[in-house]
Structure formats: structure tokens, C-alpha cells
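Reading through the C-alpha cells given below for one structure.
The values are calculated or read from the model by the stated rules, or taken from the named source; none is laboratory data. Note that the structure is predicted; figures quoted are calculated from it, not measured. Note that we place each Cβ from the backbone using ideal geometry, even for glycine, and neighbour counts take in every protein chain shown. Calculation scope for accessible area: heavy atoms of the full protein, side chains included, ligands and nucleic acids excluded. Shrake-Rupley method; radii C 1.70, N 1.55, O 1.52, S 1.80 Å.
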Amino acid sequence: MSIAADKVVSIEYTLTDDDGEVLDTSVGDEPLVYLHGAENIVEGLEKALDGKNVGDRIEVVVEPEEGYGDYLTELVSTVDRDAFEDADQLEVGMEFHAEAPDGESQIVTVRAVDGNEVTIDANHPLAGVRLHFDVKVIDIRDASEDELAHGHPHGEDDDH
Ligand code: ZN
């Protein structure tokens, strides 16, 4: 069985940046399980995995356009400190989930705190970053009807 749309794929991966710094890895942890063709993972990596087989190992460089997008300065804005529930605990570098204008959940990072002004950045933390993936294909199986309907894989005792 090769990787194609509607297959549930398990991969072991390490993600590094241009400097070789590890940004994320599944090594030593559970593999990442995703539904191929459902945009569960970044586009550039999904494309590179298409047609691969169990045991294959690939190294792929994903540009921001097929990764987490370009860094957009218009996504940086200033808001009042009062807008935050835990206003007195705000710190530079904090990340939290917020609702985007399209209703999707997004990660917002605090870039600066100056008096009552808080500068927040709604770019994905990896926006503008060229992604270097080192990936090994661990398992490939057919997706169930539920998984296809939900657009993501389910675990063994995950029947929501
Ligand atoms: Zn589900």
C-alpha cells in the first residue's frame, strides 16, 4: 500500500529550520498520525509523502508558501491590556488561542507589553520559516468512513 488520498498515515518526523535547530520532533514519542489529502499537515510535506511506502525515508524542504505561510506584518497589531482576561500576567512570548475573523482558532503571540498597550502577532509561530522535514513512514492503512467524514484519523478508543 502506498500513500494516497484517504489513507491514514503514521510518520516519524523531525522538523528543523535553516540553521539545523530542531523545532519539533516525534522521535522518542508516538508517531504523528494524519489523514492524507485532508490538509492535516502542511501542504509541502503532504505532497512529498504522496506515493511513498512503509519504511521510506524522505528529507524535504518546504518553503513558507507550502508551509505555514509568509510572515505578514499586517497581522501584528496593538490592543488594550484590558482586552485580556489575565491582564496582570501578560508576558512577552506568551502564546494563546484566539478566534480568527473566519472563526478558525489561531495562535496569537504577545510581542511587546508597554503600559496599557499590548502588541500581539497573529502570524503562525512558524510563518516565514523554511521547514526542513526528515520523515520516516511507519504505517499506512485505509481510513474508516468515520475518519473520512471527520477529516482526521481516530485513535483506538476514540469514537466521538
Ligand atoms: Zn473525528
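Data table
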{"item": "Among the residues listed as 65, 30, the single one being exposed (fewer than 12 other Cβ atoms within 10 Å of the Cβ), without any contact (Cβ under 8 Å) to a residue 24 or more places away in the chain and either under 14 Å from residue 139 (Cα atoms) or aliphatic (A, V, I, L, M) (or both)", "result": "30"}
{"item": "Among the residues listed as 153, 101, the single one being part of a loop (DSSP other than H, G, I, E, B), exposed (fewer than 12 other Cβ atoms within 10 Å of the Cβ) and not small (Gly, Ala, Ser)", "result": "101"}
{"item": "Residue tally, condition open to solvent by 80 Å² or more (accessible area, probe 1.4 Å) and without any contact (Cβ under 8 Å) to a residue 24 or more places away in the chain, over the stretch 68-87", "result": "4"}
{"item": "Among (1) open to solvent by 100 Å² or more (accessible area, probe 1.4 Å); (2) at pLDDT below 85 - the single one residue 91 does not satisfy", "result": "(2)"}
{"item": "Strands (runs of 3 or more DSSP E) lying entirely in the stretch 1-64 (those with 2 or more residues that are under 15 Å from residue 132 (Cβ atoms) and out of contact with any strand residue (DSSP E or B) (no Cβ under 9 Å at 6 or more places or on another chain))", "result": "none"}
{"item": "Scan of the stretch 118-147 for residues that are within 13 Å of the ligand (Cβ to nearest atom) and surrounded by fewer than 17 Cβ atoms within 10 Å (Cβ to Cβ), ordered by number", "result": "144, 145, 146"}
{"item": "Meets criteria (among the hydroxyl-bearing types (Ser, Thr, Tyr) and either modelled with pLDDT under 95 or under 20 Å from residue 61 (Cα atoms) (or both)) for residue 10", "result": "yes"}
{"item": "Matching residues, the stretch 104-117, being of a type in the set (S, T, N, Q) and either assigned to a loop (DSSP other than H, G, I, E, B) or loosely packed, with under 13 Cβ neighbours inside 10 Å (or both)", "result": "105, 116"}
